[in-house]
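A short write-up of the structure that comes next.
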Amino acid sequence: MIRHKTRKVVVGGVGIGGNNPVRVQSMCNTKTEDVEATIKQIKQLEEAGCELVRVAVPNFRAVEALPEIRKNISIPLIADIHYDYRLALASIPYVDKLRINPGTLGSKDKIRAIVERAKQYKVAIRVGINTGSLERRVKARLKNNVDTMLASVAENIRLLERLGFEDIIVALKSSDVVETIEAYRRFSKQYDYPLHLGLTEAGLGLSGAIRSAIAIGVLLSEGIGDTIRVSLTGNPVEEVRAAYDILSALKLREYGAVLVSCPTCSRCSVDLLRIVKEVKQHISSIKKPIKIAIMGCEVNGPGEAKEADVGLAFSHSKGFLFKHGKIIQRVEQSEAIPALIRLIDNTLNSS
């Protein structure tokens with residue numbers, strides 16, 4: 001697919017936009033002032049493939065934690081600022097990017113002060129517009145959420161540009177999938193600033209991931225978007241995994257193992273769910289791209305799973321290992337999982 005051409009913004013050495021791949025980011029749900037817990041979670045996110053991480057800065061105790069956090073992590077650190085612009089001013093020396101929401105910061109003078117300090121430290125700014133906290137003045141004039149978001153972001157971009165600041169990334173988030181898609185589509189026709197895609201308040205688990213996948217996936221399929229966050233209630237590591245699943249499905253990035261399996265039917269003679277869960281646990285830490293298929297009967301595998309690098313299919317009491325659709329070994333059902341895991345490991349080691 002042809003991606004919408006955007007300008008490049010560098011955040012702590014990581015390029016966003018331009019010819020860079022779509023970046024994956026997440027946000028900690030620890031108390032930022034709990035330095036040990038926050039560093040631990042960021043390292044877990046790094047291990048999962050997260051490329052930028054955001055932390056909330058709701059008070060000055062959180063600001064004081066930033067230098068130690070930044071010193072102990074390997075990916076760019078982003079400060080999430082609301083309400084008190086002084087928190088932004090205090091955070092800037094210790095972070096690589098700020099996320100500000102004009103709807104919660106107040107006067108333009110406060111934004112000017114933030115921009116001038118960001119210029120001094122070469123810190124990028126994400127202008128994050130959110131339907132839950134739109135600027136009242138703009139909202140009173142424009143009742144439609146999408147129109148209000150676009151008017152607000154246009155006004156704030158003009159302000160930043162007048163101040164000579166162009167290291168700008170933009171987000172236009174709603175909890176409504178259709179609103180989110182429309183806002184990003186319209187913005188991308190007018191500007192070349194890199195876009196951070198996401199659905200705010202997506203929800204829990206599967207339902208949240210589905211809502212995010214629709215909004216983010218539709219936009220990415222149209223070439224719109226330079227960095228993504230899949231906002232989910234729960235462990236943020238799952239956000240990173242979901243993000244890579246979306247990118248992999250669209251063939252935008254390959255990272256880690258992709259596991260596909262059949263939904264099962266009366267032909268299946270094994271406990272496929274148990275087998276899939278066990279294999280999934282083993283492959284969760286794999287970083288190299290590999291596609292694995294586990295099929296419950298001879299109809300689905302190996303023929304219908306021939307695009308997989310490796311796979312396992314069952315027929316009655318026997319298991320069949322295959323590579324790219326060709327059967328390479330027959331195994332007893334009791335040995336099927338260890339045999340598949342060995343095949344996965346050998347394939348990765350030889351690649």
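Since every read-out is calculated from the coordinates, none of them should be taken as a lab result. Treat the numbers as computed from the prediction; the structure is a model and nothing was measured. Heads up, the Cβs are rebuilt from the backbone with ideal geometry, glycines too, and the neighbour counts pull from every protein chain shown.
The phi-based Karplus calculation (6.51 cos²θ - 1.76 cosθ + 1.60; θ = phi - 60°) puts the 3J(HN,Hα) values of the stretch 245-260 at 4, 5, 5, 5, 4, 8, 6, 8, 8, 10, 8, x, 8, 10, 10, 10 Hz, whole numbers, x for Gly and Pro. For residue 258, the residues whose amide H sits under 5 Å from its own are 290, 291, 292, ignoring neighbours fewer than 5 places away on the same chain, with H placed 1.01 Å from N.
Between (1) 31, 58, 11, 0; (2) 30, 54, 16, 0; (3) 28, 50, 20, 2, which matches P(r) over Cα pairs in 20 Å bins from 0, in percent calculated for the structure shown? The listed entry that was calculated here is (3). Taking the charge dipole of the stretch 257-350 about its Cα centre, with +1 at Lys and Arg Cβ atoms and -1 at Asp and Glu Cβ atoms, the residue from 312, 290, 264 reaching farthest to the positive side is 290. Taking Cα centre as origin and charging only the Cβ of basic (Lys, Arg, +1) and acidic (Asp, Glu, -1) residues, the dipole magnitude of the stretch 3-134 rounds to 680 debye. Each residue of the stretch 337-350 was assigned a 3J(HN,Hα) from its phi angle through the Karplus expression (A = 6.51, B = -1.76, C = 1.60, θ = phi - 60°), giving 5, x, 5, 5, 4, 4, 5, 4, 4, 5, 5, 5, 5, 8 Hz with x at Gly and Pro. Taking amide H as placed 1.01 Å from N in the peptide plane, the amide H of residue 224 sits under 5 Å from that of 4, each at least 5 places away or on another chain. Mean-square fluctuations from a GNM of the chain, with a 10 angstrom spring cutoff on Cα atoms, peak among 79, 62, 88 at 62. Selection among 164, 9, 194 by position relative to the dipole of the chain gives 164 as farthest towards the positive end (Cβ unit charges, Cα centre).
Summarising the amide proton neighbourhood of residue 8: residues at separation of 5 or more, or on other chains, whose placed amide H is nearer than 5 Å comprise 18. Beta-bridge orientation, the stretch 210-351: approximately 55 percent antiparallel, per DSSP, counting only bridges with both partners inside.
Relative contact order for the chain using alpha-carbon pairs under 8 Å, separation at least 6, rounded to a whole percent? Show your work: numbers first, answer last.
Working: 698 pairs, mean separation 46.3, N = 351.
Rounded, it is 13 percent for the chain.
Positive contributions from Lys and Arg (+1) and negative ones from Asp and Glu (-1), summed over other residues with Cβ under 12 Å from the Cβ of residue 44, come out at -1. Cross-link partners of residue 326 among lysines, defined as those whose alpha carbon lies under 28 angstrom from its own and excluding same-chain residues fewer than eight positions apart: 251, 277, 280, 287, 288, 291, 306, 318.
Expressed to the nearest 5 percent, the antiparallel share of DSSP beta bridges inside the chain is 30 percent. Using the Karplus relation 6.51 cos²θ - 1.76 cosθ + 1.60 with θ = phi - 60°, the per-residue 3J(HN,Hα) values for the stretch 95-108 come to 9, 9, 7, 10, 10, 10, 10, x, x, 10, 9, x, 5, 5 Hz, with x marking Gly and Pro.
For the stretch 82-178, the Cβ-based charge dipole about the Cα centre amounts to some 220 debye (Lys, Arg positive; Asp, Glu negative; other atoms uncharged).
Taking Cβ atoms as reference points and 15 Å as the exclusive limit, the residues near residue 69 contribute a net charge of 0, counting Lys and Arg as +1 and Asp and Glu as -1. Under 10 Å from the Cβ of residue 199, count the other residues' Cβ atoms, weight Lys and Arg +1, Asp and Glu -1, and hand me the total. Net charge around residue 199: 0.
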